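Written out below as structure tokens is the structure these notes cover.
The values are calculated or read from the model by the stated rules, or taken from the named source; none is laboratory data. These numbers come from a predicted model, not from an experiment. With ideal geometry, Cβ positions are generated from the backbone for all residues, glycine too; neighbour counts draw on all protein chains shown. Just the protein is used for accessible areas: all its heavy atoms, side chains included, with ligands, DNA and RNA removed. Shrake-Rupley method; radii C 1.70, N 1.55, O 1.52, S 1.80 Å.
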Amino acid sequence: SDLLMAPTKIVCVLRNYLEHAKELNSPVPDKVKFFLKPPSSLLANRGTVIIPDSVESLHHEVELAVLIGKRGRFIDVDNVKDHVMAYTVILDMTARDLQGKAKKAGLPWTEAKGYDTFAPFGPRAYPPGEFDWHHKRIWLDVNGERRQEGNTNDMLFSIERIISEVSEVMTLEPGDIFCTGTPPGV
């Protein structure tokens, strides 16, 4: 749909899977922590990720994505479902070398996460009435080899909590996308 291609923001949750935090030697957050990717990083299904010459280490991070269908601010956890348009899958591509340098310098990760084509998504979107995000396997195969596998049950923060807490900071608009964190194996 047109909304899927025109978000005002892509919200990405950090360390929402304990095992992923451990594999990167990162502290486990006690509340939802997030960063933004620019809408220009979106790449439709079957598109090609363009790897910039300056990137030496590119990691994939498969994630359940939530598409927002209704504008909202200060959304109560019990009302989050009224704001969800659909669910799909997305890759949060990460220039890990650039991210590491930014972390060491205490700088934002925008460059490491925000290149054009660094958010491939799809191919299908499922409306909430046809999809319950609980108890879902999520995995990524690269050239026939399983690289990542997890289950949404292992998320530290629920979809409802994520959307509610982020809506305390910023207004959510139709078409916005939430990346809900990645299981281990990046």
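Miscellaneous remarks
- Of the candidates Val28, Val32, the single residue that is within 16 Å of Lys9 (Cβ to Cβ), of a type outside the set (D, E, K, R) and either free of Cβ contacts under 8 Å to residues at least 60 places away in the same chain or not in a strand (DSSP E or B) (or both) is Val32.
- The criterion of at least 2 residues that are of a type in the set (A, V, I, L, M, F, W, C) and surrounded by 20 or more Cβ atoms within 10 Å (Cβ to Cβ) is met by the following helices (runs of 4 or more DSSP H) wholly inside segment 80-186: 159-167.
- Residue check for Ser40: assigned to a helix (DSSP H, G or I) and either within 25 Å of Asp116 (Cβ to Cβ) or at pLDDT below 95 (or both): yes
- Evaluation of Glu63 against the conditions (1) touching a strand residue (DSSP E or B) at 6+ places or on another chain (Cβ under 7 Å); (2) farther than 27 Å from Gly175 by Cα shows that the sole unmet condition is (2).
- Residue check, Ile162 hydrophobic (A, V, I, L, M, F, W, C) and in contact with a Phe, Trp or Tyr (Cβ under 8 Å, 6 or more places away or on another chain): yes
- Residue pairs meeting the criteria (Cβ under 9 Å; at least 6 apart or on separate chains; first free of Cβ contacts under 8 Å to residues at least 40 places away in the same chain, in segment 55-76; second open to solvent by less than 10 Å² (accessible area, probe 1.4 Å)): Leu58/Thr94; Leu58/Ala95; Leu58/Phe118
- Scanning segment 53-79 for residues that are within 25 Å of Arg137 (Cα to Cα) and either among the aromatic types (Phe, Trp, Tyr) or open to solvent by less than 40 Å² (accessible area, probe 1.4 Å) (or both) returns His60, Glu61, Val62, Glu63, Leu64, Ala65, Val66, Leu67, Ile68, Gly69.
- Among the residues listed as Val80, Val49, Val62, the single one being in contact with a Ser or Thr (Cβ under 8 Å, 6 or more places away or on another chain) and either among the aromatic types (Phe, Trp, Tyr) or within 14 Å of Gly181 (Cβ to Cβ) (or both): Val62
- Pick from segment 40-52, criterion surrounded by fewer than 17 Cβ atoms within 10 Å (Cβ to Cβ) and of a type outside the set (Val, Ile, Thr), ranking: farthest from the chain's Cα centre (by Cα): Pro52
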